[in-house]
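Peer 1: Can you read through this structure? Questions will come right after.
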Amino acid sequence: MATNFSAIQACLTNRLDPAAVGMRQLAGVIGDSPSRYSKSPALWNAAFHRLDIQAVYLAFDIAPGRLKDLASALRDSPELLGCNVTVPHKQKIIEHLDELDPRAARIQAVNTIVRGSDGRLLGYNTDGVGFLESLRAPEPGQAKPFVESFRALRVMILGAGGSARAIAFALADLGEVGGIALCNRTMETGAALARDIAAIMPHVRADGENDIAANAATTNLIVNCTVKGQGGVREDAAGNVTMLEPYSALAAAQPKSFPAARARQANFVSHFEAACREDIDANNDASMATAISIPKECRFYDLVYHPEETVFLRHGRLTGHRTMNGKAMIVWQAALAFCQHICERELEAKKLNGPGILNRVAEIMFGAW
């Protein structure tokens, strides 16, 4: 068992199985509740098995206030290969790391952590490149890529958090995109990201949620980087819980919050939906009206993959638009993190670090989905 297993466990809200670790090396995904929905453990453990790497990948559910303690525990865990980071910790984790690579430092968001042999924690970001690869490479079973050309592409990004930052920088760096509109609930956050992107490309602006419909009329690709539509119960900083699955990212939402104990009751979902029915209906009606007004050539892309089809994607499909969820991005960002960062030393030791390893790992992960 990992020598610092108990210290890692003490930081988490979910229970880990010590027997699952045994004497193997350890990796994991850090988020508020990845144990409830994340596909990452299945993808990474499949790759470990197929490539004969003696390691296990687990979900680490953690509240923001325990990130510092977890970082300390990870530094003191020689068996740790590294971790991925998911919502909502991609930006908050930065202050607890020892160094960022240039890309992550510029984006100011981290989705990959590597523990060096000296215990230092190094932060990277593979989200942006993984997103672009998910657009360029046809998914298994598909004949064409989701986006065939980026030239003059007009993109609307919903959200301005860690994933949105990575995607906005990746698109801007292409030097081909025609424009980026950033629509975020909090204008200040969107405006800050727009200022950063403006240093790379001129055609970028920040708008609020109420401007989504106006922007959509001239957009070729809409990318949801918010957690609207994501399945499961979500806990806020105050310890209250809410749900976002009934909502579409195409419209504003004001879901109610409830004490955490209420979520443990069997009828919480029906209680939540009844209490928020007016807001859910208003959100859904506005979303469908917007989707109807959007030109058919516009594509709908949602980083959320649980559920497989969010309300946002359903409204896109029903109004004749091509849609895609976050499955391919999750696979490609994971394969990049696996090959280039977290398992780089293990692949070198096994002489598996040839030019075809990235596609091989991605194939394994798609197969494990």
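Peer 1: Which residue pairs have Cβ atoms under 9 Å apart, sit 6 or more places apart or on different chains, and have a first residue in the stretch 351-369 that is under 14 Å from W44 (Cα atoms) and without any contact (Cβ under 8 Å) to a residue 24 or more places away in the chain and a second that is part of a helix (DSSP H, G or I) and open to solvent by 70 Å² or more (accessible area, probe 1.4 Å)?
Peer 2: Pairs found: L358/Q340; R360/R50.
Residues are listed down the side, and each one gets a yes or a no for (1) more than 30 Å from L80 (Cα to Cα); (2) in a loop (DSSP other than H, G, I, E, B); (3) basic (K, R):
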residue: V110; (1), (2), (3): no, yes, no
residue: E139; (1), (2), (3): yes, yes, no
residue: A143; (1), (2), (3): yes, yes, no
residue: F150; (1), (2), (3): yes, yes, no
residue: R165; (1), (2), (3): no, no, yes
residue: A172; (1), (2), (3): yes, no, no
residue: A181; (1), (2), (3): yes, no, no
residue: G190; (1), (2), (3): yes, no, no
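Peer 1: Of the residues that make up the stretch 127-138, is at least one hydroxyl-bearing (S, T, Y), at pLDDT 95 or above, within 17 Å of H341 (Cβ to Cβ) and open to solvent by less than 10 Å² (accessible area, probe 1.4 Å)? Even if it seems obvious, please write down each step before you answer.
Peer 2: As a first pass, look at the stretch 127-138 and keep what is hydroxyl-bearing (S, T, Y): 134.
Adding the requirement that they be at pLDDT 95 or above leaves 134.
If we keep only those that are within 17 Å of H341 (Cβ to Cβ) too, we end up with none.
No.
Peer 1: Which residues, taken from the stretch 342-369, are closer than 22 Å to L303 by Cα and part of a helix (DSSP H, G or I)? So that I can check it myself, show each step before the final result.
Peer 2: Of the stretch 342-369, the ones closer than 22 Å to L303 by Cα are 358-359, 361-369.
If the condition is that a residue be closer than 22 Å to L303 by Cα and part of a helix (DSSP H, G or I), then L358, N359, V361, A362, E363, I364, M365, F366, G367, A368 are the ones that fit.
Peer 1: Considering only residues that are small (G, A, S) and surrounded by fewer than 17 Cβ atoms within 10 Å (Cβ to Cβ), look in the stretch 160-190 and name the one that is nearest to P102 (Cα to Cα).
Peer 2: Taking the candidates together, the pick is G175.
Peer 1: Then there is this: F48 versus (1) under 24 Å from K350 (Cβ atoms); (2) open to solvent by 30 Å² or more (accessible area, probe 1.4 Å); (3) part of a helix (DSSP H, G or I); (4) without any contact (Cβ under 8 Å) to a residue 60 or more places away in the chain: which is the lone unmet condition?
Peer 2: (2)
Peer 1: Check whether at least one residue in the stretch 243-251 is in contact with a Gly (Cβ under 7 Å, 6 or more places away or on another chain), free of Cβ contacts under 8 Å to residues at least 60 places away in the same chain and open to solvent by 10 Å² or more (accessible area, probe 1.4 Å), and report yes or no. Please lay out each step first, then the result.
Peer 2: Start the filter on the stretch 243-251 by keeping residues that are in contact with a Gly (Cβ under 7 Å, 6 or more places away or on another chain), which leaves 244-245, 247-249.
Adding the requirement that they be free of Cβ contacts under 8 Å to residues at least 60 places away in the same chain leaves 244.
Filter once more, keeping what is open to solvent by 10 Å² or more (accessible area, probe 1.4 Å): 244.
The answer is yes, given that some residue of the stretch 243-251 is in contact with a Gly (Cβ under 7 Å, 6 or more places away or on another chain), free of Cβ contacts under 8 Å to residues at least 60 places away in the same chain and open to solvent by 10 Å² or more (accessible area, probe 1.4 Å).
Peer 1: Moving on to the next point. Take the stretch 235-253 and flag every residue that is within 26 Å of H315 (Cβ to Cβ) and among the small types (G, A, S).
Peer 2: Listed by number, the residues that qualify are S248, A249, A251, A252, A253.
Peer 1: While we're looking at this one, here's another question. If K296 meets every condition in (1) in contact with a Gly (Cβ under 7 Å, 6 or more places away or on another chain); (2) within 30 Å of K90 (Cα to Cα) apart from one, which number is that one?
Peer 2: Among (1) in contact with a Gly (Cβ under 7 Å, 6 or more places away or on another chain); (2) within 30 Å of K90 (Cα to Cα), the lone unmet condition for K296 is (2).
Peer 1: Something else: Restricting the search to the stretch 63-82, which residues are modelled with pLDDT of 95 or more, within 26 Å of E235 (Cα to Cα) and out of contact with any His (no Cβ under 6 Å at 6 or more places or on another chain)?
Peer 2: Result: R66, D69, L70, S72, A73, L74, G82.
Peer 1: Continuing with this model, one more query. Give me the residue from the stretch 348-363 that is surrounded by fewer than 23 Cβ atoms within 10 Å (Cβ to Cβ) and in contact with a helix residue (DSSP H, G or I) (Cβ under 6 Å, 6 or more places away or on another chain) and, out of that set, farthest from H306 (Cα to Cα).
Peer 2: Start the filter on the stretch 348-363 by keeping residues that are surrounded by fewer than 23 Cβ atoms within 10 Å (Cβ to Cβ), which leaves 348-360, 363.
Next, from what is left, pick out any that are in contact with a helix residue (DSSP H, G or I) (Cβ under 6 Å, 6 or more places away or on another chain): 353, 357-358.
Details: N353: 32, I357: 28, L358: 25 Å.
Ranking the qualifying residues of the stretch 348-363, first place goes to N353.
Peer 1: Quick check on G123: is it buried (at least 24 other Cβ atoms within 10 Å of the Cβ) and free of Cβ contacts under 8 Å to residues at least 40 places away in the same chain? First the steps, then the outcome.
Peer 2: Working: buried (at least 24 other Cβ atoms within 10 Å of the Cβ): yes; free of Cβ contacts under 8 Å to residues at least 40 places away in the same chain: yes.
Yes, satisfied.
Peer 1: Which of the following residues is of a type in the set (F, W, Y) and more than 19 Å from the chain's Cα centre (by Cα): F60, F48? Outline the logic, then answer.
Peer 2: Numbers: F60 fails: more than 19 Å from the chain's Cα centre (by Cα).
Testing whether each residue is of a type in the set (F, W, Y) and more than 19 Å from the chain's Cα centre (by Cα) leaves just F48.
Peer 1: If I go through the stretch 220-233 residue by residue, how many of them are open to solvent by 10 Å² or more (accessible area, probe 1.4 Å), of a type outside the set (G, A, S) and over 16 Å from N283 (Cβ atoms)?
Peer 2: 3
Peer 1: Can I ask one more? Just give me the residues in the stretch 310-328 being open to solvent by 10 Å² or more (accessible area, probe 1.4 Å) and closer than 21 Å to D127 by Cα, in sequence order.
Peer 2: Scanning the stretch 310-328 gives T323, M324, N325, K327.
Peer 1: While we're on this one: Mind counting the residues in the stretch 198-214 that are assigned to a helix (DSSP H, G or I) and farther than 25 Å from S248 by Cβ? Break it down stepwise before answering.
Peer 2: Taking the stretch 198-214 and keeping what is assigned to a helix (DSSP H, G or I), we get 198, 209-214.
Right, trim to farther than 25 Å from S248 by Cβ and you get 198.
Of the residues in that region, 1 qualify.
Peer 1: Of all residues in the stretch 264-283 being open to solvent by less than 30 Å² (accessible area, probe 1.4 Å) and either touching an Asp or Glu at 6+ places or on another chain (Cβ under 6 Å) or in a helix (DSSP H, G or I) (or both), which is farthest from A213 (Cα to Cα)?
Peer 2: Going through the stretch 264-283, the residues open to solvent by less than 30 Å² (accessible area, probe 1.4 Å) turn out to be 268, 272, 276, 280, 283.
So of that shortlist, the ones also either touching an Asp or Glu at 6+ places or on another chain (Cβ under 6 Å) or in a helix (DSSP H, G or I) (or both) come out as 268, 272, 280, 283.
Details: F268: 32, F272: 27, I280: 18, N283: 13 Å.
For the stretch 264-283, the residue satisfying everything is F268.
Peer 1: For the list (1) open to solvent by 70 Å² or more (accessible area, probe 1.4 Å); (2) modelled with pLDDT of 95 or more, I need the number of the one condition that F300 fails.
Peer 2: Of everything listed in (1) open to solvent by 70 Å² or more (accessible area, probe 1.4 Å); (2) modelled with pLDDT of 95 or more, F300 misses just condition (1).
Peer 1: May I pose another question? Tell me whether the stretch 73-90 contains one or more residues that are open to solvent by 10 Å² or more (accessible area, probe 1.4 Å), within 16 Å of A7 (Cα to Cα), in a helix (DSSP H, G or I) and out of contact with any Asp or Glu (no Cβ under 6 Å at 6 or more places or on another chain).
Peer 2: There is at least one residue in the stretch 73-90 that is open to solvent by 10 Å² or more (accessible area, probe 1.4 Å), within 16 Å of A7 (Cα to Cα), in a helix (DSSP H, G or I) and out of contact with any Asp or Glu (no Cβ under 6 Å at 6 or more places or on another chain).
The values are calculated or read from the model by the stated rules, or taken from the named source; none is laboratory data. Computed from a predicted structure; not experimentally measured. Glycine also receives a Cβ, built like all others from the backbone with ideal geometry; neighbour counts cover every protein chain displayed. Accessible surface areas use protein heavy atoms only, side chains included; no ligands, DNA or RNA. Shrake-Rupley method; radii C 1.70, N 1.55, O 1.52, S 1.80 Å.
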